[in-house]
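Taken together, the values in this text are just the output of simple stated rules run on the coordinates, not laboratory data. Here the structure is a predicted model, which is why all the values come from computation and not from measurement. Note that each Cβ is placed from the backbone with ideal geometry, even for glycine, and that neighbours are counted across all protein chains shown.
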Amino acid sequence: MQLHTQQYIDGRWCRAANGARLPVVNPSTEEVLAEIDAGSAADVDLAVRAAARAFRSWRSTSGAERAQYLRAIARGVEARGEHLATLQSLNNGKPLEEARIDVGDVIATFDYYAGLAEALDVTAESEVTIPSAEHRAVIRREPAGVVGLIVPWNFPMVTTAWKLAPALAAGCAVVLKPSEVTPLPELELAAIVAETGLPAGVFNVVTGTGAEVGAPLAAHPLVAKVSFTGSTGVGQTVMKTAADTLKGVSLELGGKSSIIVCADADLDLAVDLVAGGAFFNAGQMCSATSRVLVERPIAAALTARLADRAGRTVVGDPFLPGVQMGPLTSRAQLERVRRYIGEGKEQGARLVTGGESPVGAGYFITPALFIDVPTDSSIWREEIFGPVLCVRGFDTEEEAIDTANDTDFGLVATVVTRDAARGKRIADALAAGVVWINAPQLIFPQTSWGGYKRSSIGRELGPFGLAAFQEIKQVLTAIGHP
Ligand code: NAD
């Protein structure tokens, strides 16, 4: 299999200025898949300057022209879909079926923002009614400039598409920094972008670590805006760095989300939604609904069904048919999840099933289910980012809402009930950016993504995702003056 391992700067594949390399590991086998370029501040500077040069003409292309590139990227991803899914499974460890969903999401995102780019030819400039007959006021939405995109390893191509598509649609020039853990799908995506003939410098990729590449990108004075997805701690660092040059930031960070299962819920549906919300992508989801709040009358029944489901989950090689959960994506992540499972036991929660790693290579762990979880324990309060489910009973709707909202985060929530009015009431009261009622975690690019509190600054997807890469300019003209 041909793998791209170099950086893509100013329309060319190139080696890191200092010649350094980083290994990329297959989490299922612990074998080294490839060595990629380990960039540094020098490469970031080259890429940002290339983007700044390209921006001068790219910013004035028509929306229709930019839409053609976005659609060409979508078609390229479609044509290489199986290869991209394979890379995603190889590098991240997710089952091939899940990787195919990621590919579909990437295609849908580029197609959606192609439509918004076209619409900009009409909507980017709009006249405003003002109380003066002697003046004409126009509001223009303009591209923000050179933008730095920094993404994590859990949904590599998807988190990138959610930033790259609206950034290009808006007319920004981009420097992308993929996760050093999972750069292979993004580098293939870069090859697809390159084949569309996008002008050199409009899109650049610098690979390497957060400290060597991410930090200088967030600090670079020619970068107008940084859009970051990753952990809350690093997001705070990025925001502090960006403050030095007062650049804009969009942050998509961690979560500690709840699924509330009411006593009238369809139990089969509830089990599917809880398992999907906690074990999809091996639980490595910012949107993981890892806290289950179940109404007391059905608590024992739901817990028994969940323990059974967790125990029967097929964990293994992501390429084998029937496998439902692959390995965690890195050794560091496996160690983190094991540490939390240990803390859960020490802090008084009861492990009903799972949390075991088979002997042999690979970062595998079986899905874990805790009950009797104290609300001050670390497994209840902190983002674990692994297949660890914590169940608590509740007696009243108010208690469920208060417990769900009792977190520093506020990304998503799910409500399972047959009572539509109750579902709406609970959804209204939850401090979360997305609420699913009786639905799996579907995310359509037309909607929105992001959360309350420490989960996000700003929103991605929908028109919000585009607005994040635009500046607003007002032009006021005195009428009658040549
Ligand atoms: P991370 O914060 O460790 O890394 C994210 C990216 O930031 C990587 O590319 C990394 O190299 C880079 N980085 C690290 N240090 C940096 C620095 N000082 N300056 C600039 N960049 C730096 O996160 P991760 O472990 O890759 O991903 C897991 C986290 O991502 C979880 O907390 C998860 O909740 C979050 N996440 C959030 C969303 C969302 O939409 N809210 C989506 C996916 C993942």
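Structure summary
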quantity	calculated
Radius of gyration, Dmax [region 258-444; alpha carbons; angstrom]	15.6, 50
Rounded FRET efficiency, nearest 0.05, which uses the C-beta distance separating GLU82 from LEU320 and R0 of 22 Å	0.85
Distance in nm between pseudo-label sites at SER378 and LYS453 (7 Å out along the Cβ direction from Cα)	1.9
Extent along principal axes [Cα atoms of region 377-450; Å; largest to smallest]	35, 31, 20
The chain: projected area of the alpha-carbon convex hull, averaged over directions, in nm²	24.5
Full-extension gain in nm, ALA191 to GLN68, via 0.36 nm per residue minus C-alpha separation	42.6 nm
Stretchable slack from VAL359 to GLU399, in nm (0.36 nm times residue separation minus alpha-carbon distance)	10.2 nm
Simple Cβ-charge dipole of region 258-444, Lys/Arg +1 and Asp/Glu -1, about Cα centre, in debye nearest 20	500
Estimated 222 nm signal from helices in the chain, with DSSP H stretches of n ≥ 4 weighted -39500 (n - 2.57), rounded to 500	-12500 deg cm²/dmol
Nearest-ten-degree value, helix 96-123 long axis tilted from longest Cα axis of the chain	40
Magnitude of the charge dipole, the chain, Cβ model with Lys/Arg +1 and Asp/Glu -1, debye to 20	820
Within the chain, percent of DSSP bridges classed antiparallel, to nearest 5	40
